[in-house]
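*Asks:* Right, I'll just put the structure down here and ask away after.
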Amino acid sequence: MSVLSLSAVSQRAYRPTVVLVVVTLLAAMQVLVADPAGARLATTSSKCPSLLLIGARGSGQSASSSNSINGFGPQGAATTKSALSKIKRSGSVRFRSLTKTEYPAVKVNFLTLANRKPYWDSVRKGAKSAMAIVKNTGKACRSTKFALVGYSQGASVMRWAIRDLPDSLKDRVALVGLVGDPERRGFNQSTPDI
């Protein structure tokens, strides 16, 4: 399993972060399926794709969007689309975002800074929802692999989800992408809980 955790501190720092995220996603996803010449991952609505890519948007971002992978938020969608367009592997990929009822992605403002309970409740609810999706799909689709991608608050969601998954399902997680992770503990330091 690959783990990626990045925090962009400024707009200037954001561009190198996106490049690093795309490169890391590409490298991690190369191991997913066989490599016939000219092959591509095909988007599918199949219940049992080769890869189920689950995304969690950032704080206050909409669960629906007309110009991105629905529900991934603009940062998560742009990074995921760019990486997937460069993969030359056969198989299928299905995108699954967490809905507003599965994960509210509460907005961060001065009220949430004073009372963090709604924020952590949102993260907890999203993590439970992501775990349920992996567990249910994993049970029904024995060969499906998983990729978990989250931006900002969504990165915390995916961090908690992967931490609490049973080992038998962790083995099927090919990628965890944590972009703008608010729980990141400094640059290039691994975390003990993932």
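The values are calculated or read from the model by the stated rules, or taken from the named source; none is laboratory data. These figures come from a predicted structure and were not determined experimentally. Here the Cβ is made from the backbone with ideal geometry for all residues, glycine too, and neighbour counts use every protein chain on show. Calculation scope for accessible area: heavy atoms of the full protein, side chains included, ligands and nucleic acids excluded. Shrake-Rupley method; radii C 1.70, N 1.55, O 1.52, S 1.80 Å.
*Asks:* Please list, in chain and number order, the residues 5+ apart from residue 42 or on another chain whose amide H is under 5 Å from its amide H, with Hs placed from the backbone.
*Replies:* 91, 92, 93
*Asks:* Counting only protein chains, not ligands or nucleic acids, how are 167, 181 ordered by accessible area (probe 1.4 Å), most first?
*Replies:* The ordering from most to least exposed comes out as 167, 181.
*Asks:* Using θ = phi - 60° and the Karplus form 6.51 cos²θ - 1.76 cosθ + 1.60, what ³J(HN,Hα) does each residue of the stretch 127-136 get, whole Hz, x for Gly and Pro?
*Replies:* After applying 6.51 cos²θ - 1.76 cosθ + 1.60, I find 5, 4, 5, 4, 4, 4, 5, 5, 4, 5 Hz.
*Asks:* Tally Lys/Arg at +1 and Asp/Glu at -1 over every other residue whose Cβ is under 12 Å from the Cβ of residue 61; what's the total?
*Replies:* +3
*Asks:* Between residue 163 and residue 143, what is the FRET efficiency for a Förster distance of 22 Å, r being their Cβ-Cβ separation, to the nearest 0.05?
*Replies:* E(calc), rounded to 0.05, equals 0.35.
*Asks:* What ³J(HN,Hα) values, in whole Hz, does the Karplus curve 6.51 cos²θ - 1.76 cosθ + 1.60 give for the stretch 148-160 when θ = phi - 60°, with x put for Gly and Pro?
*Replies:* Each residue's phi maps through the Karplus curve to give 10, 10, x, 10, 6, 4, x, 5, 5, 4, 5, 4, 5 Hz.
*Asks:* Mind listing the phi-derived Karplus ³J(HN,Hα) values for the stretch 172-182, rounded to whole Hz, using 6.51, -1.76 and 1.60 with θ = phi - 60°, and x for any glycine or proline?
*Replies:* 9, 8, 8, 7, 10, x, 10, 9, x, 5, x
*Asks:* Now a separate question. Taking amide H atoms as placed 1.01 Å from N in the peptide plane, list the residues 5 or more away in sequence, or in a different chain, whose amide H sits under 5 Å from that of residue 107.
*Replies:* For residue 107, whose amide H was placed from the backbone, the distant partners under 5 Å are 60.
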